[in-house]
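Values quoted throughout were computed directly from the atomic coordinates according to the rules given, and no laboratory measurement underlies them. Keep in mind that what you see is a predicted model, and the values were worked out from it rather than measured. Neighbour counts are summed over all protein chains in view; Cβ atoms, including those assigned to glycine, are modelled from backbone coordinates with ideal geometry.
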Amino acid sequence: MKTLIARIALLGALAAIAIVVLAAPALAQTDESASGTMSMFVMLSAIGGGVALFLFVLIIFGPNKNVERDLSGRLGSYAAAQGQGDTRVKNPILRRFIRQAESVAERRGLFSMIENALDQANMPLRPGEAIAGAIGVALLFGALAGLFTRNAVAGLIVAGVVLLSAAASVQFVARRERTRFDNQLPDTLNLISTSLRAGYSLLQALEAVGSEAPEPTRREFGRAINETRLGRTPADALKDIAIRMESVDFDWAVLAISIQREVGGNLAEVLQTAAETMMHRNRLRREMKALTAEGRISAIVLGSLPIALFGFLFVTNRRYLEPLFESIPGIIAIVTAIGLMLAGAFWMTRIVKVDV
């Protein structure tokens with residue numbers, strides 16, 4: 001079924017691209033008598049592009065009903081050679097494109113970064129699948145934008161914006177999950193310490209966290225518990241959580257647990273002290289964030305104001321901006337303005353950023 005959907009999606013995408021290429025000259029030469037026909041043509045092209053986009057997303061994110069493949073995918077996350085499993089997409093063309101995208105990302109040193117971001121954001125996608133999906137959606141939106149605006153440059157700009165927006169969205173979700181994990185860490189350590197004082201073993205305390213803690217702590221500790229059931233030591237499984245969530249505080253807690261298992265000591269008291277220290281640090285971090293809120297809002301307003309004004313003039317009075325694109329001094333002015341904006345944004349972010 002997925003192979004049939006993949007073929008339909010490929011045909012739809014190729015048809016949308018062919019429509020854009022073939023219709024561009026005709027759209028440039030349309031007169032008032034043919035405006036109704038061309039409007040219908042544009043509407044049908046948009047419908048075809050939307051159907052192709054829906055089918056493409058269905059291929060990438062659609063459910064897999066094969067129980068054996070689903071079991072292999074679940075067990076593959078615990079394999080020693082991570083990232084070497086086969087992709088869920090069964091279409092040979094898409095599979096080849098996904099593997100090529102993964103090989104290019106690995107050669108450029110981006111494979112691990114993309115994989116970590118998807119893992120932190122809790123997105124069940126391989127890096128190649130995410131890259132293929134982002135590129136496919138960006139090309140489709142770029143083709144539709146080029147068709148509606150009758151400008152290939154606008155289509156390329158829209159495709160680039162969609163691609164950057166997809167990457168920024170993944171990074172935003174991953175950063176939000178890391179922040180939530182760090183904020184929940186004092187309560188997590190308190191729960192482990194209380195469980196140890198109640199007579200639980202370390203593994204039982206971790207199971208209590210995996211069943212009672214909120215997300216994403218529950219998800220991460222549940223994964224660690226499953227890894228210990230497959231033969232890994234609790235210290236190694238917890239170390240992977242610290243690496244996966246990029247949490248320095250939890251890395252210290254795991255180090256304390258490893259030292260206690262080797263030399264002995266009161267682990268409950270150590271974790272309680274660490275939890276109190278992290279709680280004070282989080283409180284201080286929130287206070288500093290409140291004190292620098294005015295500066296951060298000023299940076300956002302000053303950084304977005306030129307972009308918003310440029311977009312308003314581009315929509316309402318495009319001729320006013322034509323000298324910036326059609327003359328050498330105008331292009332130099334745009335490049336200089338962009339460079340100064342980036343430098344100012346970087347400077348303001350460094351001023352209001354306080355490491356606690």
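Here are a few things to note about the model shown:
- Seen from residue 114, the other residues with C-beta closer than 12 Å to its C-beta sum to a net charge of -3, counting Lys and Arg as +1 and Asp and Glu as -1.
- Using a Förster distance of 30 Å, the FRET efficiency for residue 255-residue 122 (Cβ separation, nearest 0.05): 0.70
- FRET efficiency for residue 263 and residue 104, using Cβ-Cβ distance with R0 set to 45 Å, rounded to 0.05: 0.45
- FRET efficiency estimate (nearest 0.05) - Cβ-Cβ, residue 291 to residue 179, R0 25 angstrom: 0.85
- The label-point distance for residue 218 and residue 150, in a model that sets each label 7 Å from Cα toward Cβ, rounds to 5.6 nm.
- Extension reserve of the residue 335-residue 350 stretch, reckoned as 0.36 nm per residue once the Cα distance is removed: 3.1 nm
- When the charge dipole of region 118-231 is built from unit charges on Cβ atoms (+1 for Lys and Arg, -1 for Asp and Glu) and taken about the Cα centre, the candidate among 196, 171, 208 whose Cα reaches farthest toward its positive end is 171.
- Gyration tensor (alpha-carbon) shape descriptor, region 179-277, a/c threshold 1.5: rounded
- Each label point was placed 7 Å from the Cα along the Cα-to-Cβ direction; for residue 244 and residue 316 their separation is 5.1 nm.
- Hull-based mean projected area of region 152-206, where the convex hull spans the alpha carbons, in square nanometres: 4.6 nm²
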